[in-house]
Amino acid sequence: MQGAVLYGPRDVRFEKRETPKIIQPTDAVLRIAATCVCGSDLWPYRGLQPIDGPTPMGHEYCGFVEEVGNAVKLVKPGQFVIGSFATSDNTCPNCLYGYHSSCIHREFMLRAQAPFLRVPLADGTLVPTPAGTPSHDLIPSLLTASDVLGTGWFAAEAANVKQGGTVVVVGDGAVGLLGVLSARQRGAGRIIAMSRKDARQKLARDFGATDIVTERGEAGTALIKEITKGIGADSVLECVGTQESMMQAIQSARPGGFVSYVGVPHDVTLDGAQLFFSHVHLHGGPAPVRRYLPKLIELILNGNIEPGKVFDLVLPLDQVAEGYRAMDERRAIKALLLPQTV
């Protein structure tokens with residue numbers, strides 16, 4: 001088969017790779033229905049995160065089970081499944097506490113930007129759709145549950161978003177926009193999205209944002225304080241992963257407020273004294289997507305949410321390099337990739 005391989009900064013190639021096969025008895029092999037480019041893929045693409053030689057790419061996926069190992073009992077060939085970007089056995093203490101992305105047997109998924117994918121720990125990682133194969137129009141939304149929707153959902157939960165609360169979302173990529181959607185689903189009364197792009201602002205409002213703030217830094221903090229009558233937000237979702245976005249989030253929260261951080265951090269450091277006197281709660285990390293998959297799948301299949309709207313560029317998988325370019329240049333929010341085998 002052919003799949004995406006990153007060779008270096010801004011050098012993604014679609015080239016021949018070995019077709020996946022069962023290696024461990026707990027594996028499954030999927031035929032991918034849809035995959036995509038993630039904002040976190042842009043860090044190594046831009047050369048801001050080192051790679052050790054040519055690296056197969058992709059960690060968001062949904063598709064059909066082709067084959068399973070002889071120890072797999074819950075997942076069966078022919079099922080349509082969605083899985084997390086982190087594998088989990090769903091039985092270890094960390095999984096039972098709800099932190100599947102810290103499973104003691106965790107592997108971070110790669111290689112999903114391809115027609116076929118091997119998934120370790122299939123029974124604990126994959127969740128089948130309950131009523132067989134979903135309609136084609138639902139597949140983009142179901143794909144978001146694999147990462148960006150699950151991450152936005154975790155961001156809202158970790159930031160303790162409550163009914164009627166005031167929320168700030170720092171970051172207008174797919175995770176931030178689905179953080180807006182998740183905050184609305186949790187009943188937030190006011191949702192302030194920080195965004196400078198018209199298309200992203202519109203989608204944020206579609207997902208439930210009540211206010212848009214284009215300013216950054218001290219000016220952004222001042223405007224949020226003005227909107228919140230000098231207090232700050234109850235909940236702030238940090239969905240970028242830079243020093244600036246983290247400081248923006250902490251400074252936008254009220255004393256006693258909650259800040260979640262789900263953007264993969266790059267060169268982020270915290271001043272202990274500043275954090276001490278801010279009186280904010282901090283919680284974040286890799287989202288435990290597997291915990292949320294059954295709920296998110298239900299919301300999508302029932303028509304309660306349509307997170308697939310974050311895909312504003314659809315490409316055949318062999319044009320994956322254009323998907324990276326478009327997102328890198330902010331011409332696209334998120335690129336959906338469709339294998340020709342589907």
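Please treat every number below as a calculation from the coordinates, not as lab data. Keep in mind that this is a model prediction, so the values were computed, not measured. Using ideal geometry, Cβ is built from the backbone for each residue, glycine included, and neighbour counts are taken over all protein chains shown.
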- Between the alpha carbon centres of segment 136-193 and segment 16-51 the gap in Å comes to 24
- Message: Cross-link candidates for Lys162: which lysines have Cα within less than 20 Å, leaving aside residues fewer than 8 places away along the same chain?
- Response: Lys225, Lys229, Lys295
- Query: Fewest first, what order do Asp172, Asp27 take by the number of other Cβ atoms within 10 Å?
  - Reply: Asp27, Asp172
- Item | Beta bridges by DSSP in the chain, antiparallel share as percent, to the nearest 5 | 55
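What number comes out for the charge environment of Asn90, summing +1 per Lys or Arg and -1 per Asp or Glu over other residues with Cβ under 9 Å away?
Within the 9 Å Cβ shell, the charges total -1.
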- Message: For a protection proxy built on the mean count of beta-carbon atoms within 10 angstrom, sort 133-144, 31-42, 257-268 highest first, please.
- Response: 31-42, 257-268, 133-144
- Message: Quick check on packing: order 98-111, 231-244 by the mean number of other C-beta atoms within 10 Å, highest mean leading.
- Response: 231-244, 98-111
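How would you rank 59-68, 175-184, 2-11, 304-313, highest first, on the average number of other Cβ atoms within 10 Å across their residues?
On the way: 59-68: 22.7, 175-184: 30.3, 2-11: 17.9, 304-313: 19.5.
Order by mean packing, descending: 175-184, 59-68, 304-313, 2-11.
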- Task: Pull up all non-local amide H partners of Glu67: gap of 5 or more, or a different chain, and H-to-H distance under 5 Å with H placed in the peptide plane.
- Result: Val29
- Distance from the Cα centre of segment 57-71 to that of segment 227-306, in angstrom? 31
- Message: Eigenvalues of the Cα gyration tensor times 5, then square-rooted: what semi-axes does that give for segment 1-134, in whole angstrom, largest first?
- Response: 25, 18, 13
- Query: Taking K and R as +1 and D and E as -1, what net charge do the other residues with C-beta under 14 Å from the C-beta of Leu301 add up to?
  - Reply: -2
- Message: Quick check on the chain: helices-only [θ] at 222 nm, where DSSP H runs of length 4 and up contribute -39,500 (n - 2.57) each and the sum goes over total residues. Nearest 500, please.
- Response: -8000 deg cm²/dmol
- Given H placed on each backbone N at 1.01 Å, which residues far from Ile191 in sequence or on other chains put an amide H within less than 5 Å of it? Val167, Thr210, Asp211
- Query: Dividing the alpha-carbon radius of gyration of segment 89-193 by 2.2 N^0.38 Å (N being the number of residues), what value is obtained?
  - Reply: 1.23
- Item | For the chain, radius of gyration divided by Kirkwood radius, i.e. Rg to Rh on alpha-carbons | 0.97
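Please state the shape class of segment 152-284: rounded when a/c is under 1.5, otherwise prolate if a/b exceeds b/c and oblate if not, all from the C-alpha gyration tensor.
Values: a/c = 1.35, a/b = 1.28, b/c = 1.06.
Judged from the Cα gyration tensor, segment 152-284 comes out rounded (a/c under 1.5).
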